[in-house]
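> Before I ask anything, let me first share the structure, which is written out below as C-alpha cells.
Rule-based calculations on the coordinates, nothing more; no lab input. Just so you know, these numbers come straight off a predicted model, no measurement behind them. Backbone-built Cβ (ideal geometry, glycine too); neighbour counts: all protein chains shown.
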Amino acid sequence: MSAAESTPQSNGEVVVSVRGLTKVFKDFWNRPKARAVDGVDFEVRKGEIFGLLGPNGSGKSTTIKLLLGLLNPTKGHIEVFGHSPRHVPTKSRIGYLPEESYLYRYLNSRETLDFFGNLFHLDKADRDRRAEQLLEMVGLGQTQTRAVGEFSKGMQRRIGLAQALINDPDLVILDEPTAGLDPIGCREVKDLIVALARRGKTVILSSHLLSDVEDVCDRVVIYYGGKIQANGTLKELLAKPDSLRITTPVLPRETLEKVLAIIRHDISTSDVRVDNPTQNLESYFLEVVNKARAANVTSGAQSGARVAEYLRGGAEVQSSGEKVLEKLSLPLAAKPTPVKPAADAALAIADGGKLAALAQPAAPVAQLEQPAPKPESSRPVDLSKADEKLSALLGGKK
Amino acid sequence: MQRILAIAGLTWKAALRFKLFLVIAVLLILAVVGLPLIIKDDGTAQGFTQIILTYTLGAITTLLGLSTLWLACGTLARDIEECQIQIVATKPIARWQIWLGKWLGIMSLNTVLLAISGTCVFGLLQWRAAKLPAEVQQILHEQILVSRGSAKEASSNADIESETERILQNRLKSAAVEKVDVFEVRKQIHEQVKADFQLVPPSYQRVWKIDLGNAKDFLAGKPLQLRVKFNSAQKSASGTFLAMWQVGEPQKTKLWRSEPMSLAPDTFHEFEIPPDLFDATGVLTISFENPNRTALLFPLDEGMEVLYPEGGFGLNFARGLGIIFCWMAALAALGLMAASFLSFPVASFFALGMLLVVFSSGTLAESVDSGSVAAGNEETGQVGHSVMDVVLIPAFKGVLTVISLVKSYSPIESLSSGRSISWSELAAAFAQVVLLVGGCFGVTGIIFFSRRELATVQGTQ
C-alpha cells in the first residue's frame, strides 16, 4: 500500500500547479549563466505527498524557491492555492523548511518559534502552546533557552522543521528534510510527513535520498539537468508487472518443497528465488538504539515525542516503518520491496542446505548472515561498513 | 502591526545579544563625560558650556549617525546574505512590512540611545552650572541655558537683485559686453551691491529695523540681547574696533545709547539692551556708528540679530534632540535603501559615500555658483567650461536642494547659542527630513526590496 492509499484525503483539488516553468540565472551583464529549471510541468493535489527527486544541482531547490516566490520565473506559470507565489495571504497556509536551517543564531529555540508565530499573527497563548508542543515533538523540549547558533546541525534542522509547522500549514514544503538528521530523526520526520498527509495536508518533499522519498511519497518527479525525466506514482514507476513475490511465515521444509515443485512445473528453476525478508537498516538501527536508550542519557537532541497535538488532529500516526511492512505483506505484491534488506539472502533454489536454513523457524537475520547472504552485485550494501556506521552512531560500541 | 513589531523586536534582540547596544551606549556616555575633560575653552562659564554642548552633541550625532548607517545596512543585507530572509519572506508578511519593521527597530534603538546620551549631557550641564557662583549662573541662564527667540532684519535680497539688474542694464547700455561675459559681469555687480548693503564706511552709520513680530506682546519690561558680528579688511593695532550703538527711535520710543565698546572682528558678541525700546508695532531700530578709520562689514545673514527670552532650556534641548532624531531617521532609511539592493560591504560604502556628498556640499555649491565643474583661471577671473556642465550642474543643483532640506536645521548651533528651536521648526524638520527625504529613501528601498530575488545567494552562516 502506497502512502496515497493510506491518505484517503487526497482528492482532485489542485494545490500547486506548475506549467512550462523555466528559470535561467543570469550574470551581472544579464547574460544567461545557468538554466536551472527548464520547461517543467506538474501538479500537486490536496493530501498528496509529492516528491521532487534528483541529484544535486538538478533544479529541485530552485523549483521550491520559485514555488515560494523567493525567485522569479524566467518563463512559465505557477499557482499555489490558485494564487501567485508572491500573494501574501496565501503564505499563511504554507510551511517551509529550507535546505539549510537559516535561523537567527542569537535567538533561542523558544524565541525562534515565538518570532515566526508572530509573523503568522498568532496570539500569545497560541504561540506558547504550539511552541511547547513542537519543541517536545522535535525532541528539543529540554534545550529551549540555548541559542540556536550553539546547536548542532541536526538540532538546528529540528528547530527548522518546528518553525515550518507553527502555523499548522495546509501545504508543507520540505527541502531535504532529513539532511543532517540521525536515523531516529529521519524516521520521526517521515512519520510526521505521513501524519500530516493523513490530516489532508499536502506535502512537497525534495530529496536526493531515495529511501526518504520511497518511504513516504505518493507521487514523484525525477529531475535531471533542470528537466523532469520521470513523473508518476511510485506504483507506476516501480512496479515490475512481470514478476511476483509471495511472503509467508516460515514453512516446514516439506511444504516449501511442495510449493516449489508446483512452481517448477510452470517455470524454470533459475527464475525462482526464495529468501528471508529482512528488515531494513533503519528499522534495525532503531531497534538497537531503543534498547540502548533505556540505559543512556544524552545532552543532545532527544528522540521526539509524538507528533504535536494540534498537528495530529484525529489521525493516528502510522510509522513509515509500518508502512514498509504493509507494503511487503500486500497480497498483490506487484512491486519490489521499497527498502531493500541490507543482507539480502539470495539463494539458488537448488541449494538444499540453504533451503534447510531458510526453513529454520526463529533464525535471526544477523545470524543468517554467515551461512547465507550474498549481497547482490547491483546493491552496493556492505554490512561491515554498515556495522562501522552503526558503531559510530552508537558511540563506538560494537 | 504584530508582524512589523516582531521584525523590530528582532533588531533589538540582535543589538542586545551581539552587545552592540552596550558598546554604543558606553561609547556615547564616554564621549559625553570624557570630552569636557579634554577640550579647551575660553575660560568663561558661557564659553565652556557652549563648547560642551557643541562637542558632546556633535559627538552624539556622529557616533549615532555612523552606527545607524552601519546597523541599517547590516540588519537587512546580512539577513539576505545569511538567508534568514528566505524563511521570513515565505511567511505572510509583505516585503514593505519587513522593511518598515527593520527601520522601526533601528529607530527605537536610536530613541533609547539618544535619550540616554541626551539625559547625560543635560544632567552634566545642570550639575556643572549648579557649582558656579550665582551671578555666573544667572548669565548662563540668560544666554545659553535658555530658549531665546531670534529676530533679524528682513531679507534685502530683493533690493539687491533689483539694484543689480538696474546697474547691469545701465552698464549694458553704456558699453557693449560680450554675450558670454554677461553672467560674469552680473555676478560682479551683484557682489558689489551686496557689499554696499553690508559695509559701514568710517564715520558712517548703519541702521537696522528689526520687526519683533508677535513676540512684542510678551516682551514688555524684559531686557533683550543683541548678537552682532562684523568683519574688517584691515587689522587694528589693538586687535579690536570701537563700536557705538543706539537703540530706539527718537521721539517715538525710549532711547538707549551704549558706551563706546571695544569689539574684536570675526566673532560674535552679545550684549544686553534695556527693555521696551521697540515701537508700538514691535519694530526695534538699531543704529551703529563707525568711529574707526577703517570700514566694517556686517554680514547680511549673521551681522545683527536680536535675541529675546522665550522659554526654558529643558524643552528646547529636547526639541534639539528631536531634530537629531529626524536626521537619524533619514540615515536609517538611507542605509536600508542601500541594503535593499546591495550586499553589506557595498551598501555600507554606498551609504558612507552619500554622507560624504552631504559633507562636501560646499564644493558642489561652488560649482553651481560658478556654473561649471571645470576650474576657472584665478588670475584672469575667467570661468572654466566643461562639456559635462550640461548634465552635472543641474544634477548638482538637485542634490544641493535635497541636502539643504536636511542641512537647513542646526540644532547644535541653536542650543549652544541659547536660541530656541520652535515646535514648528521641529515639525518642519520632521516633514522635510523624515517624511520627504526619508520617505523617498523608503519608497525607493521598498521597491528594490520587493522586486529583489531573495534566494539567489547561498547561505554564509
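> First measure r as the distance between the Cβ atoms of residue B:96 and residue B:407, then evaluate 1/(1 + (r/R0)^6) with R0 = 45 Å and state the FRET efficiency to the nearest 0.05.
Numbers: r = 29 Å, r/R0 = 0.64.
Efficiency at R0 = 45 Å is approximately 0.95.
> Scan chain B and report its longest stretch carrying no chymotrypsin sites (Phe, Trp or Tyr not before Pro) that are both in a DSSP loop and have at most 15 other Cβ atoms within 10 Å. Spell out each step's value before the answer.
Details: sites that count: B:18, B:204, B:268.
After excluding every exposed loop site, the longest remaining stretch is B:269-461.
> Can you tally the net charge around residue A:144? Count Lys and Arg as +1, Asp and Glu as -1, for every other residue whose Cβ sits under 13 Å from the Cβ of residue A:144.
Numbers: positive: A:110, A:146, A:158; negative: A:111, A:114, A:128, A:132, A:136, A:150.
It works out to a net charge of -3.
> Chymotrypsin sites (Phe, Trp or Tyr not before Pro) within the stretch A:11-108: which are DSSP loop residues with at most 15 other Cβ atoms inside 10 Å?
Answer by residue number: A:28, A:29.
> In terms of modelled amide H atoms, which long-range or inter-chain residues lie less than 5 Å from the amide H of residue A:15?
A:44, A:45, A:46
> Continuing with the same structure: For the stretch A:180-195, take each phi angle, set θ = phi - 60°, evaluate the Karplus expression 6.51 cos²θ - 1.76 cosθ + 1.60, and give the result in whole Hz per residue in order, putting x for glycine and proline.
x, 9, 6, x, 5, x, 4, 5, 4, 5, 5, 4, 4, 4, 5, 4
> For the pair residue B:115/residue A:269, report the inter-label distance in nm, with labels modelled 7 Å from Cα in the Cβ direction.
So the label points at residue B:115 and residue A:269 sit 9.3 nm apart.
> Specify the angular offset, from 0 to 90 degrees and rounded to the nearest 10, of the alpha carbon long axis of helix B:134-143 from the longest principal axis of the alpha carbons in chain B.
80 degrees
> Determine the sum of side-chain charges near residue A:33: Lys and Arg each +1, Asp and Glu each -1, restricted to other residues whose C-beta is under 12 angstrom from that of residue A:33.
Local charge sum for residue A:33: +3.
> For a footprinting-style exposure proxy, rank A:243, A:58 by other Cβ within 10 Å, fewest first.
Starting with the residue having the fewest Cβ neighbours, the order is A:243, A:58.
> Compute the angle between helix B:2-17 and the longest alpha-carbon principal axis of chain B, please, reported from 0 to 90 degrees and rounded to the nearest 10.
80 degrees
> Related question: Take the Cα of residue A:24, step 7 Å along the line toward its Cβ, and report every residue of the stretch A:183-227 whose backbone nitrogen sits under 19 Å from that point.
It comes to A:225-227, nothing else.
> In debye to the nearest 20, how big a dipole does the stretch A:3-238 give about its Cα centre with +1 on each Lys and Arg Cβ and -1 on each Asp and Glu Cβ?
Roughly 740 debye, rounded to the nearest 20.
> Here is a further query. Is the stretch A:3-238 best put as rounded, prolate or oblate by its Cα gyration tensor, with a ≥ b ≥ c the root eigenvalues, rounded for a/c under 1.5, and otherwise prolate when a/b is larger than b/c, oblate when not?
Prolate, because a/c is 1.5 or more and a/b exceeds b/c.
> As a footprinting exposure proxy, order B:328, B:244 by other Cβ within 10 Å, with the fewest listed first.
Final ranking by Cβ density, sparse to dense: B:244, B:328.
> Could you work out how far the C-alpha centroid of the stretch B:69-84 sits from that of the stretch A:138-180, in angstrom?
After rounding, the separation between the Cα centres reads 23 Å.
> Sticking with this structure for a sec: Using the 10 angstrom Cβ neighbour count as an exposure proxy, how do A:26, A:65, B:13, B:40 rank, fewest first?
B:40, A:26, B:13, A:65
> Now for a separate question. Run through the stretch B:177-219 and list the GluC sites (Glu not before Pro) located in a DSSP loop whose Cβ has at most 16 other Cβ atoms within 10 Å.
Taking the stretch B:177-219 and a limit of 16 other Cβ atoms within 10 Å, the loop GluC sites (Glu not before Pro) found are B:178.
> While we're on this one: What does the net charge come to around residue B:229 if you take all other residues with beta carbon closer than 14 Å to its beta carbon, with K and R at +1 and D and E at -1?
Result for the neighbourhood of residue B:229: -4.
> For chain B, what is the relative contact order in percent, using Cα pairs closer than 8 Å and at least 6 residues apart in sequence? Can you show the working numbers first?
Values: 668 pairs, mean separation 106.1, N = 461.
It comes to 23 percent, rounded to a whole number.
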